[in-house]
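A short write-up of the structure that comes next.
Please treat every number below as a calculation from the coordinates, not as lab data. In this text the structure is predicted, and so the values were computed from the model without any measurement. Note: ideal-geometry Cβ built from the backbone for every residue, glycine included; neighbour counts use all protein chains shown.
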Amino acid sequence: MSGAYLVSFKSRLKELGLPSVEDLRRLDRASEIQQTQVLDYLAELAFACQNMMNISLGRMSLKMVPKEWLLSRWGQVVAPHLATNDDWEYGRIAELLAGLDQDAMMNHLQICAAHESKYIQEIATDPESLLELVSRWEEESERLTRLIAEMESAE
């Protein structure tokens, strides 16, 4: 089953003008339109999807993008997902940030704590559990990176 998700993912990246997953490392040099389209797609995978494979692909990919450049655009990336007021998406954002940038995670947890939804507020109550999740999804990201590299070398 994971093969179908990987094929779909690779196909979508190609449609967005990225023939290789490694091209994500140079996304900061792409056109503004391509940057926006790619970041929107990756954020959708990482924050809105329910399937763990899609979430992992989104997280892995966002972590491949140059970090400082990504963080400088973070508000744009997450705005549509915060606007949903969905605890699922707020939670996935917190999980990604736990493995990406501690300061950004703490800022996000402050937003969660001040939210009117008690479900979103709960996300901010246990930052340590977010950090524990990081090692699990980093292992998954490494596995996916190997699978994608194998796919790309076979092409």
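Just one residue in the set E44, E68, E89 is of a type in the set (D, E, K, R) and either in contact with a helix residue (DSSP H, G or I) (Cβ under 6 Å, 6 or more places away or on another chain) or under 19 Å from L133 (Cβ atoms) (or both); that residue is E89. Filtering S129, S141 for residues that are among the small types (G, A, S), in a helix (DSSP H, G or I) and touching a residue at least 40 places away in the same chain (Cβ under 8 Å) leaves a single hit, S141.
State whether the residues of segment 5-16 include one that is touching a helix residue (DSSP H, G or I) at 6+ places or on another chain (Cβ under 8 Å), buried (at least 18 other Cβ atoms within 10 Å of the Cβ), among the aromatic types (F, W, Y) and free of Cβ contacts under 8 Å to residues at least 40 places away in the same chain. The answer is no, given that none of the residues of segment 5-16 is touching a helix residue (DSSP H, G or I) at 6+ places or on another chain (Cβ under 8 Å), buried (at least 18 other Cβ atoms within 10 Å of the Cβ), among the aromatic types (F, W, Y) and free of Cβ contacts under 8 Å to residues at least 40 places away in the same chain. Can you tell me which residues in segment 4-39 are polar (S, T, N, Q) and not in a helix (DSSP H, G or I)? Residues satisfying the conditions are S20, S31.
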